[in-house]
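Input: a single structure, listed below in structure tokens.
The values are calculated or read from the model by the stated rules, or taken from the named source; none is laboratory data. Everything quoted here is computed from the prediction, not taken from an experiment. Note: ideal-geometry Cβ built from the backbone for every residue, glycine included; neighbour counts use all protein chains shown.
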Amino acid sequence: MILQIETATTSCSVALAQDGKVLAFKEINARNMHAQVITVYIDELMAQTNSTYAALDAIAVSCGPGSYTGLRIGVSTAKGLCYALDTPLIAVQTLAAMANGVAREHTIDSDVLLCPMIDARRMEVYTAVFNAAGEVIKPTAAEIIDMNSFSGILAGNKVLFFGDGADKCKETLGDNRNAQFLPNFVNSATHLTQIALEKFSRADFEDVAYFEPYYLKDFIAGKKAGA
């Protein structure tokens, strides 16, 4: 049984999965709630499924890119549990999990490329491009969205944009007939299930002592007024 944690965006989500099947999950899509609810949600999941922490085979965590604070909370929680339970840690890249979730929850034509997007403030997003099989077409990067964004890929492919950064892309690329948009997508710990199971099967674990989230960019604190 794998406990899965997703805190890379405004969504705070936890799930329990067994052999690739989600047993239960709890989540809230709201800013600044992660630290308040994450351990409560985990305890509630364990009680809801009559599971014990000792029965966990691994902890999987969405490792970024995404919100600096959200990632820090999720990874710290996962590492703490791994230390306490002597349980392996599995890292799942957030954008790959998003693409996997969309491919499993929606009917996607095999020729459509998947482009998850995470808001990185202003006109910037964290993004990557995958095919329907989950293979990387364009690696993870921080992109500033303008009229020329994804022009090469869109010239010969239909691309489905989704995630909390996709609205920025819709404003600039919405007139392109190859650009498609999936509304109301919310990150979920359930999206980690397949990748986490595959990594568990091949014992692809992280070093708990040294593992850090994939922030992609350095954290820059906002200046106080008058500073």
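Data overview
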| item | result |
| --- | --- |
| Enumerated strands (runs of 3 or more DSSP E) restricted to region 1-67, each holding at least 3 residues that are without any contact (Cβ under 8 Å) to a residue 40 or more places away in the chain and of a type outside the set (D, E, K, R) | 21-29 |
| Test: residue in region 66-86 that is touching a strand residue (DSSP E or B) at 6+ places or on another chain (Cβ under 8 Å) and at positive phi | yes |
| Options 84, 78; residue that is more than 17 Å from residue 41 (Cα to Cα) and either among the small types (Gly, Ala, Ser) or without any contact (Cβ under 8 Å) to a residue 40 or more places away in the chain (or both) | 84 |
| Matching entry among 137, 153 (being over 29 Å from residue 206 (Cβ atoms) and touching a residue at least 12 places away in the same chain (Cβ under 8 Å)) | 153 |
| Residue within region 40-47 that is in the same structural domain as residue 196 (by TED's automatic domain parsing) and under 11 Å from residue 188 (Cβ atoms) present | no |
| Residue within region 76-96 that is polar (S, T, N, Q), in a strand (DSSP E or B), surrounded by 14 or more Cβ atoms within 10 Å (Cβ to Cβ) and at pLDDT 95 or above present | no |
| Strands (runs of 3 or more DSSP E) completely within region 117-212 that count 3 or more residues being within 21 Å of the chain's Cα centre (by Cα) | 124-130, 136-144, 158-162 |
| Qualifying position, being charged (D, E, K, R), out of contact with any helix residue (DSSP H, G or I) (no Cβ under 7 Å at 6 or more places or on another chain) and surrounded by 14 or more Cβ atoms within 10 Å (Cβ to Cβ), among 44, 6 | 44 |
| Single match in 128, 120 (criterion: among the aliphatic types (A, V, I, L, M), modelled with pLDDT under 95 and outside the structural domain of residue 8 (by TED's automatic domain parsing)) | 120 |
| Test: residue in region 105-112 that is modelled with pLDDT under 95, part of a helix (DSSP H, G or I) and at negative phi | yes |
| Candidates 159, 136, filtered to the one that is modelled with pLDDT of 95 or more, aliphatic (A, V, I, L, M) and surrounded by 19 or more Cβ atoms within 10 Å (Cβ to Cβ) | 159 |
